[in-house]
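Some notes on the structure that comes next.
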Amino acid sequence: MDTEDVATPRGEGSLTNRGRWGAEDDRGTLNFITAAARARGVAEATTGRVVSLAHPITPVPMAAPVAFAEHGMPSAVLQALTFTGSPTPALTDVLLINVHHARSTHIDALAHIPVDNTVYPGISVADATAGATVGRSSSSAFVDGIVTRGVFLDLAPRGRLPENHVVTADDLAAAERRQGVRVESGDALVVRGGWVAADDPFGPLPTTSLSAVEWMAEREVCLYAGDIGDKLPEPSAAAPVLHNIGLAQLGMPLIDCVNVAELAGVCAEIERYGFLFVLGAIPVRGATGLPVNPLAIF
């Protein structure tokens, strides 16, 4: 669905899109994806080369004795394999999916993170979750898929960012200049810092600054995906800006646990950093997020 209506601008100094597209809006920055933005993405697909941005998941059998680990599950997917003998023999299974698991490539719905007991676009958590499901700002926004232009910014083309590096707007702008590409309204932004957070979630990971999120807001990025996100919360740490501001205030969907290794290699090889970005998800409504397999098509 295209949104061609003129949006109400944010107030000066207020980093929020709450109310920008009205009190009933559940799409947030996906509203920036117009027909023109999609056509710009389609124009990037000239060779048919496809790169997945997802980490594959190996399920753990539910029946096996397992030690529960991160996020309460040893894997993002637990599997119960069954065999049906009548009327037609078939193998089938039931999958229990922990969407927000640290090793699951997934997209966060806008209701995933409350701020001051409200979720985007400014409704209470109680109202958003009435009926024991997510009725507002949920995965319903993703059931038709997401198609637009993607732009890849590699912040560490010769390795990885230093420990505890804080990514700023200057880092993003410098990568643009180095690669000869520019992020435009409605683009999906994919960022590489060279770290895999799931390997050591409590390690000295890079993180994202408020200025970087402000830069994304100014460029009207439709969604963010990258191997740099917010660190796991610590009592003395500042609020995680990508989730608390980007997701909850700007209404910008986040794709966590993204695999950018192959994408970085392909972009460097062909010296192209724009592509057709395609995301399909199981069409489940009313969830806080969904596992996804984003594709970059060149």
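The values are calculated or read from the model by the stated rules, or taken from the named source; none is laboratory data. Worth saying up front: this structure is predicted, and the values here are computed from it rather than measured. Here Cβ is always computed from backbone atoms with ideal geometry, including for glycine, and neighbour counts include all displayed protein chains. Protein only, heavy atoms only, side chains kept; ligands, DNA and RNA dropped before computing areas. Shrake-Rupley method; radii C 1.70, N 1.55, O 1.52, S 1.80 Å.
Remarks
- Answer residue from segment 54-89, given it is closer than 16 Å to residue 106 by Cα and in contact with a Ser or Thr (Cβ under 7 Å, 6 or more places away or on another chain) and is modelled with the lowest pLDDT among those: 75
- Residue check, residue 24 at pLDDT 95 or above, open to solvent by 80 Å² or more (accessible area, probe 1.4 Å), out of contact with any Ser or Thr (no Cβ under 8 Å at 6 or more places or on another chain) and not basic (Lys, Arg): yes
- Verdict on residue 169 being modelled with pLDDT of 95 or more and touching a helix residue (DSSP H, G or I) at 6+ places or on another chain (Cβ under 7 Å): yes
- Residues (touching a Pro at 6+ places or on another chain (Cβ under 6 Å) and under 28 Å from residue 270 (Cβ atoms)) located in segment 18-55: 53
- Pairs meeting the criteria (first residue in segment 239-253 and surrounded by fewer than 24 Cβ atoms within 10 Å (Cβ to Cβ), second residue in a helix (DSSP H, G or I) and among the hydrophobic types (A, V, I, L, M, F, W, C), beta carbons under 8 Å, at least 6 apart or on different chains) are 239/245; 241/210; 241/212; 241/213; 245/210; 245/213.
Yes or no, residue by residue, for (1) of a type in the set (A, V, I, L, M); (2) under 27 Å from residue 197 (Cβ atoms); (3) touching a residue at least 60 places away in the same chain (Cβ under 8 Å):
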| position | (1), (2), (3) |
| --- | --- |
| 80 | yes, no, no |
| 88 | no, no, no |
| 106 | no, yes, yes |
| 109 | yes, yes, yes |
| 113 | yes, yes, yes |
| 121 | no, no, yes |
| 124 | no, no, no |
| 128 | yes, no, no |
| 132 | yes, no, no |
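- When residues of segment 262-291 are limited to those that are surrounded by 17 or more Cβ atoms within 10 Å (Cβ to Cβ), within 19 Å of residue 143 (Cα to Cα) and touching a helix residue (DSSP H, G or I) at 6+ places or on another chain (Cβ under 8 Å), the one modelled with the lowest pLDDT: 281
- Listed by position, the strands (runs of 3 or more DSSP E) contained in segment 45-161 that have at least 1 residues being open to solvent by 30 Å² or more (accessible area, probe 1.4 Å) and under 27 Å from residue 25 (Cα atoms) are 146-154.
- Taking the numbered list (1) free of Cβ contacts under 8 Å to residues at least 60 places away in the same chain; (2) more than 16 Å from residue 243 (Cα to Cα) in turn, residue 146 passes all entries but (1).
- Residues located in segment 192-212, provided they are of a type in the set (Val, Ile, Thr) and without any contact (Cβ under 8 Å) to a residue 40 or more places away in the chain: 196
- Flag for residue 218 being under 18 Å from residue 152 (Cβ atoms), open to solvent by 40 Å² or more (accessible area, probe 1.4 Å) and more than 16 Å from the chain's Cα centre (by Cα): no
- Candidates 126, 111, filtered to the one that is closer than 20 Å to residue 20 by Cα and at pLDDT 95 or above: 111
- Subset of segment 162-191 (residues that are surrounded by fewer than 21 Cβ atoms within 10 Å (Cβ to Cβ) and free of Cβ contacts under 8 Å to residues at least 40 places away in the same chain): 174, 176, 177, 178, 182
- Candidates 197, 296: the one that is at pLDDT below 95, touching a Gly at 6+ places or on another chain (Cβ under 8 Å) and crowded, with 19+ Cβ neighbours inside 10 Å is 197.
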